[in-house]
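Inspection log for the structure reproduced underneath, given as structure tokens.
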Amino acid sequence: MNRYASSVLNTLKKKYPEQKEFLQAATEILDSLSLVLDKHPEYENKGLLERFVEPERIITFRVAWTDDAGKVQVNTGYRVQFNSAIGPYKGGLRFHPSVNLSIIKFLGLEQILKNSLTGLPIGGAKGGSDFDPKGKSDTEIMRFCHAFMRMLWRHIGPDTDVPAGDIGVGGREIGYLFGYYKSLVNAHLGALTGRGTSYGGSLGRTEATGYGLVYFVEEMLNTAKKDSFKDKTVVISGSGNVAIYATQKAQQLGAKVVALSDSNGYIYDPNGINLKVIQQIKEVERKRIKEYLNYVPTAEYHEGCRGIWNIKCDIALPCATQNEIDESDARKLIANGVIAVGEGANMPSTIEAANLFVSNGVLFAPAKAANAGGVATSALEMAQASQRIFWTFEEVDKKLHSIMVDIFHNCEKAANEYGMPGNYIVGANIAGFEKVANAMMAYGVL
Ligand code: NDP
């Protein structure tokens, strides 16, 4: 690692020793920026990296709400407004009991580079709460979302900060959040994306992250190996928004998806997953994935989500959560002949696992590039809303496809330029960073 990058990382480690996910993301990014820093010694004089790794603003707040039994519950809310150099802050909200400042900072840091890679004018942010939506009634979800927005609304706005969904925050939650925001500010402003199409949302946003992931991997396969999804066996972890639409697009392109999971376990269906059944269980009934066996008794269910990486496949798409593939999972996938790994979730592979894929010649699509389709389509939603016009599903999907193809080629080009051909981790970090660094340098020290 370059000396300047390494000294910035050491300071971070001393300052935030407990923030392990944030330090993991910072280590990966700073390591691959070494090559750019060697070329730009002026960055050190301007303290560019020190500013880049420190959020512009961190907001934490109390979220007090009342459950169905009349008991008052208290959660912690976060919004990390990390970097607004190239546009208003933009990034999702995560509701999950594991949420803490380290996780929100890691996601926010990644988001800066991801948003830059889309080529659209959006800065990086992330937020959420340690609230656990599992087992909550619809009215509890509504009360929590309203209480969360009661504390967040003053910090966001269509030209300031535009949150969206993430784990535990889908269309239903965005509806509750946006409705409350709208009544507080007394205006119909596009301050959240992922909205329903009847109140300012874009067609294609629901599908965008999963479809975009598959478009990116298809382009990578085609460019590097003249290959495609057709007739490939695919394993996808998770069964939420990203996993469902990655499954749909992979199936449309002729692949056989044989496994999906949730945090309790995974299903294996050698005949190919019946996606309609999954959508019924997950999107309509909001139940556990093992229910799949009630519809398809020939499939298998295994407790524990980790075992999914034992299944032999050509393409693996981790779409659940961070650090779900470690070194030993990566070794199993490689031994079973995986040819490509595309990260739908944010940082699903540990640094060691990602390095193993790259050094073993597995085509590796890093999250910040491969899952950028969701935020890119959110930016398209912002563009449509501000013009008061709406595009058809086909128009949005076409734009998404071309954005993902461009992101792939920008990563490929940066990797080649810096002498690391085929290393899309380095390519994505450099391609995303250069634009943000240029803008930060232009502003002087801020
Ligand atoms: P959802 O809440 O819709 O689904 C998450 C899925 O992952 C569920 O199947 C969930 O299972 C599983 N999961 C969550 N936490 C864990 C865990 N600790 N261990 C195992 N499985 C887990 O979220 P999304 O599909 O929206 O997000 C998935 C990933 O994609 C996240 O990393 C997110 O940051 C990333 N992402 C999402 C985007 C979007 O547009 N939605 C955009 C870019 C990235 P269970 O139901 O049991 O909790």
### Message
Under the 0.36 nm per residue contour assumption, what length would be gained going from the current alpha-carbon distance of F390 and N336 to full extension?
### Response
14.9 nm
### Query
Taking θ as phi - 60°, what are the ³J(HN,Hα) couplings along segment 185-194 by the Karplus curve (6.51, -1.76, 1.60), each to the nearest whole Hz, with x for Gly and Pro?
8, 6, 7, 8, 9, x, 8, 9, 10, x
#### Entry: Dipole moment magnitude, nearest 20 debye, the chain about Cα centre, only Lys, Arg, Asp, Glu C-beta charged
720
### Query
What residue among V80, V185, V242 shows peak mean-square fluctuation when the chain is described by a Gaussian network model with Cα springs under 10 Å?
V185
### Message
Taking the Cα centroid of segment 1-48 and of segment 66-115, what is the distance between the two, rounded to the nearest whole Å?
### Response
23
### Message
Taking every pair of distinct Cα atoms and averaging 1/r, then inverting, what Kirkwood hydrodynamic radius in Å comes out for the chain?
### Response
22.0
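For E417, what charge total do you get from the other residues with a beta carbon under 14 Å from its beta carbon, if Lys and Arg give +1 and Asp and Glu give -1? List each step's numbers first, then the result.
Details: positive: K39, K413; negative: D38, E412, E434.
With Lys, Arg at +1 and Asp, Glu at -1, the net is -1.
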### Summary
If one builds a Gaussian network model of the chain from Cα atoms under 10 Å apart, the most fluctuating residue listed among I104, I389, I236 is I389
### Between segment 199-248 and segment 118-183, the Cα center-to-center distance that results, in Å
25
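Which of the trypsin sites (Lys or Arg not before Pro) found in segment 186-278 are in a DSSP loop and have at most 14 neighbouring Cβ atoms, other than their own, within 10 Å?
Numbers: sites: R195, R205, K225, K226, K230, K232, K249, K256, K276; in loops: R195, K226, K230, K232.
Filter output for segment 186-278: K226, K230.
Please give the net charge around Y78, taking every other residue with its beta carbon less than 11 angstrom from that of Y78, where Lys and Arg add +1 and Asp and Glu add -1.
Working: positive: R79, R94, K105, K126; negative: D130.
Neighbour charge sum, excluding Y78 itself: +3.
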### Summary
Counting only DSSP loop positions in segment 381-446, the trypsin sites (Lys or Arg not before Pro) whose Cβ has at most 16 other Cβ atoms within 10 Å are R388
### Query
If you find the alpha carbon centre of segment 254-322 and of segment 370-434, how far apart are they in angstrom?
28
### Task
May I ask you to evaluate 6.51 cos²θ - 1.76 cosθ + 1.60, the Karplus curve with θ = phi - 60°, for each residue of segment 100-108 and list the ³J(HN,Hα) values in order in whole Hz, giving x for glycine and proline?
8, 5, 4, 5, 5, 5, 5, 5, x
### Query
Which FRET efficiency value, to the nearest 0.05, do you get for N310 and R288 by plugging their Cβ-Cβ distance into 1/(1 + (r/R0)^6) with R0 = 22 Å?
0.60
### Query
For the chain, modelled as a Gaussian network with Cα springs under 10 Å, which listed residue fluctuates most, L177, L260, L120?
L120
### Message
If I model a spin label at I351 and K13 as a point 7 Å from the Cα along the Cα→Cβ vector, what separation in nanometres do I get?
### Response
0.8
### Task
Pop out the ³J(HN,Hα) list for segment 125-142 in order, Karplus 6.51 cos²θ - 1.76 cosθ + 1.60 with θ = phi - 60°, rounded to Hz; leave Gly and Pro as x.
7, 7, x, x, 7, 7, 5, 9, x, 4, x, 8, 6, 4, 6, 5, 4, 4
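Please identify the trypsin sites (Lys or Arg not before Pro) of segment 53-129 that satisfy two criteria: DSSP loop assignment and at most 15 other Cβ atoms within 10 Å. Which are they?
Of the trypsin sites (Lys or Arg not before Pro), the ones in loops of segment 53-129 whose Cβ has at most 15 other Cβ atoms within 10 Å are K71.
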### Message
Please report the antiparallel percentage of the DSSP beta bridges confined to the chain, to the nearest 5.
### Response
55
#### Entry: Simple spin-label estimate for Q252 and K71 in nanometres, 7 Å along Cα-Cβ
4.5
### Task
With runs of 4+ DSSP H residues as the only contributors, calculate the mean residue ellipticity of the chain at 222 nm using -39,500 (n - 2.57) per run, divided by the residue total and rounded to the nearest 500.
-15000 deg cm²/dmol
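Where does the charge balance sit around V258 when Lys and Arg score +1, Asp and Glu -1, over other residues with C-beta under 15 Å from its C-beta?
Values: positive: K232, K256, K312; negative: D231, D269, E300, D314.
Neighbour charge sum, excluding V258 itself: -1.
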### Query
Rounded to a whole number of µm²/s, how large is the Stokes-Einstein D of segment 3-189 at 37 °C and 0.692 mPa s, given Rh as the Kirkwood radius over C-alpha pairs?
188
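Treat segment 313-446 as a sphere of radius equal to its Kirkwood radius over Cα pairs and apply Stokes-Einstein at 10 °C in a medium of 1.306 mPa s; give the translational diffusion coefficient in µm²/s, rounded to a whole number. Don't skip to the end; give the middle numbers.
Values: Rh = 16.4 Å.
Reported coefficient: 97 µm²/s.
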### Separation of the K413 and K39 label points, Cα + 7 Å toward Cβ, nm
1.2
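Just need the Rg to Rh number for segment 207-365, please, alpha carbons only, Kirkwood Rh. Mind showing how you got there, number by number?
Numbers: Rg = 14.3 Å, Rh = 15.2 Å.
Using Cα coordinates only, the ratio equals 0.94.
Where a number appears in this text, it was derived from the coordinates with a stated rule and is not lab data. None of these values were measured; they are calculated from a predicted model. Positions of Cβ are generated from backbone atoms using ideal geometry, with glycine treated the same way; all protein chains shown enter the neighbour counts.
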